[in-house]
Amino acid sequence: MGVIIMVNAINIRAIDKPGVLMKVTDYIAQQGVNILYTHMHMESNEYANTYMELDDSADIDLLICGISDFPEVKEVIKSPSMDMIWGKRIIIIGGGAQISQVALGAITEADRHNIRGERISVDTLPIAGEEKLTQAVKAVGSLPRVGVLVLAGSLMGGSIVNSIKEIKEKYGIKVISLNMVGSVRDYADLVVTDPVQAGVMAVMTVANTAKFDIDRVNEVL
């Protein structure tokens, strides 16, 4: 079973100007509350939205009142956490034809588990070329909540291997590879021939409602 971390989440709508984010984060720190995750995006030329996940030690109502007092802040509302909405993530990178089949298996399997209370989402990126694939695989490490990366293509190797090593060692992300030409197979946690089955196994690896251990399967193989 995965570890469930309880968090408070808020959305802050504020005027877009230098120093606003610093004022908000300083205030949160002064309350002894740790910021676990944050994401900011521009709503318009005038306003920005900031989503924050905070540890559950926070008195969330008191914190919202304090942040709302800043003149630059227009609105603060409670929000479900990204984990509650989007859940654990499966990332599929590679060729379009292979990705579509892996996604078919992953989405079908995720639906089966999500009906039973899980939250598992599937993201895809059709992309080709060693340099682009290397950058994309490395960037997976900067994404939140990623459980498994599936490499879906017909030929992958070279510098892509370095990115695979990095996300496995630094972030503990499991890597499933299709049985393709190239050296990535030697560095994946599991190599699967059938792309649909690769998607199914990716979801089963992260699902709490599944009895599947990718490391034990790899040992048997």
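Computed from the coordinates by the stated procedures, all read-outs in this text should not be read as laboratory data. Since the structure is predicted, the reported quantities are computational estimates derived from the model, not experimental observations. Reconstructed Cβ throughout: ideal geometry from the backbone, glycine too, with neighbour counts over all protein chains shown.
Compared with the dominant principal axis of the Cα atoms in the chain, helix 160-171 is inclined by about 50°. Extent of segment 7-83 along its three principal axes (Cα atoms, max minus min coordinate, largest first): 34, 26, 17 Å.
Distance between the 7 Å Cα→Cβ label points at Lys170 and Asn45: 3.7 nm.
By the rule of a C-alpha distance below 12 Å, with chain neighbours fewer than 8 residues away ignored, the aspartates and glutamates paired with Lys165 are Asp186, Asp189. Between Met84 and Asp215, the modelled label-to-label distance comes to 3.2 nm, taking each label 7 Å out from Cα in the direction of the beta carbon. Using bins of 5 Å that start at zero, the share of Cα-Cα pairs per bin across the chain amounts to 1, 7, 14, 16, 15, 12, 11, 10, 8, 5, 2, 0, 0, in whole %.
Highest-first packing order for the peptide set 191-199, 155-163, 101-109 is 101-109, 191-199, 155-163, based on the mean count of other beta carbon atoms within 10 Å.
Taking the average, over residues, of other Cβ atoms within 10 Å as the packing measure, peptides 78-84, 49-55 rank 49-55, 78-84 from highest down.
Taking each of Lys23/Lys170; Lys170/Lys211; Lys88/Lys211; Lys88/Lys132 in turn, the alpha-carbon distance tops 27 angstrom for Lys23/Lys170.
As a calculated quantity, the FRET efficiency between Asp26 and Ser142 at R0 = 22 Å, using C-beta atoms, amounts to about 0.35.
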